[in-house]
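This report refers to the structure that appears directly beneath it.
Rule-based calculations on the coordinates, nothing more; no lab input. Keep in mind that this is a model prediction, so the values were computed, not measured. Please note: Cβ atoms are built from the backbone with ideal geometry, for glycine as well, and neighbour counts cover all protein chains shown.
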Amino acid sequence: MARIPLLQMNAISLTFGGEPVFSGLDLVVQPGDRVALVGRNGSGKSTLLKVMAGLVEADTGEVVLPPGGSVGYMEQDPAMAEFATLGDYATADLEPGELYKVERAAEGLKFDPARAVATASGGERRRAALARLMAEAPDLMLLDEPTNHLDIEATLWLERELAATRAAFVLISHDRAFLRALTRATLWIDRGQVRRQEKGFSHFEEWRDKVWEDEDQARHKMNRLIKAEGRWAVEGISARRKRNQGRLRALQDLRAQRAAQIARQGSAAMALESGPKSGRKVIEARGLSKRFDGKRIVRDFDLLVQRGDRVAFVGPNGVGKTTLLKMLLGEEAPDAGSVTLGTNLEGAVFDQARAQLDPDMSLWDSLTGDPGMRVSGKADQIMVRGQPKHVVGYLKEFLFDERQARAPVRSLSGGEKARLLLARLMARPSNLLVLDEPTNDLDVETLDLLQELLDGYDGTVLLVSHDRDFLDRVAATTVAMEGDGRATVYAGGWSDYISQRGDRTEKKDEKPKASAAKLKSQPRSEDKPGLSFTEKHRLEALPDEITRLEAEIAKLEALLSDPDLYAREPVKFDKATEALVARQKKLAADEEEWLALAEKAEA
């Protein structure tokens, strides 16, 4: 029996500012779908979600929902003016008996429902919007960057909730670990075209690169054909003018096709200018202790940072990471202990709050009016890595177009603001980078480039991030701040920290689904009435079966992570891929079966 789609989009077309966003888009979301929505910044991901939610009307086409179906959208900037507190907003559409759902979500997402809307930060508002959506439990959830402003602990809570939900969801996120853990299909927006692959985000980059490789080969063949036909047109047209007009028209058509092809958006032309080499010892902290607003930040903390180190600071929101950074940089005095800074330091700071950007200034003035920027002798040029560059030309290197140069900063998206901050930071020489949540709102390609730049940077990097994948790729040392003054130094990135801490709740390859450990912690079936003998036996057997499938999936993913496997052993690659897909489907089915049996037993 065919399933009724939760949402169907037919022939959707939409233009924005005269530019086509989508054209002739057809899309179906089925019950149980867990979809990653990916694409470059500005490609239309958020717009597509809003069309799906009915918040933006397409120019042509229709969005069809089944009778009684429900779609929920997590608003980026929720309207809360009519509500006194965050809790009032989050519980607005709930029955009295359902209010506990918001209280539970507030605990997991770490916001206070009693906080007045007027004094709540943007991050707190977003968490309240997310709690409202989770509590309402629609059939289809549309989630736009839900992990922004969440610390790792809250992100893991959200992972577990989404893994356990029976609702379908479409998810936009920059957090690769989050996407890998949750998604089973991928929607990719690329130059106005929406492609779909029935594989999760872990397979996206391989798929993208294959599509682009095929495009490049097709374009190369077309260019060779146009060149050959063009030579024929020049050399042989006089002798065959009447008989070969069709061939000339075909050549014109080929040239028109090539001209109509939409070029892929390039990567931002980012580069880091290393300043003069600092001393070998960059920062030495001894016996630091600090209280702030009555809360202990650190106690007897020691840290030695040497030239070239990559040090990450992790911990829950509000634990004091920024305060510790300011002490290490000499901007905040400790209550006890000492900080010694090395010689010849030139720092550059990427600010999480974007406070360095004046929303009313234009992008042009944000560069030329920055006291830290070196302005060339000409009013329209700045010094970048020792060379004068035109302001507009430099902005183009960071994927801004000429029309945006005089636009106010407030008109930029989150990803564009992040790129503008990076443009300011990378124009000046430095040997000490301080990056506070640099990954927020950046697309996958820009994140890859930023990681490569940090790998090749000669200076020292201090990093605050809640992005586990980025921490693993960049950090060589992790300072874990766990509250009540506890700050411990570990070697390696996030996964290394978890391993050394002995925490088995979050592993690099573990998927936060209904894991076997979680299943086995449930009451035994003999304690649950309402099941037949066969169902009881099945409920007891499923955890071991899921454990086996998870182990097999981990082995297959490890095998397929070898980038040379396809070229070396294509048959083995194909068989491993087929086996992985089959086991992932079986795992999903077993988890659904366990959830259904557990719910029946509890009824």
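Overview of results
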item	result
Over 24 Å (Cα to Cα) - which of K295/K417; K45/K210; K199/K586; K277/K326 fall in this group	K295/K417
Sequence of L471, L55 once ranked by neighbouring C-beta atoms within 10 Å, starting from the fewest	L55, L471
Stretch gain in nm, segment E552-S413, where the contour uses 0.36 nm per residue and the Cα spacing is subtracted	45.9 nm
Computed label-point distance, nm, for sites K572 and E205 using a 7 Å Cα→Cβ extension	2.2
Stretch gain in nm, segment A84-I4, where the contour uses 0.36 nm per residue and the Cα spacing is subtracted	24.8 nm
Residues N344 and F292, FRET efficiency given R0 of 25 Å [Cβ-Cβ distance, rounded to 0.05]	0.25
Percent breakdown of C-alpha pair distances by 10 Å bin, ordered from the shortest bin, for the stretch 7-206	9, 35, 35, 19, 2
In nm, spacing of pseudo-spin labels at T119 and T60 (7 Å Cα→C-beta vector)	5.4
Whole-number D in µm²/s for the stretch 1-47 (Stokes-Einstein; Kirkwood sum over Cα pairs; 25 °C, 0.890 mPa s)	196
Stretch gain in nm, segment E331-W212, where the contour uses 0.36 nm per residue and the Cα spacing is subtracted	38.1 nm
Per-residue Cβ neighbour rank within 10 angstrom, fewest leading, V571, V392	V571, V392
Least to most buried among H203, H174 (fewest other Cβ within 10 Å first)	H203, H174
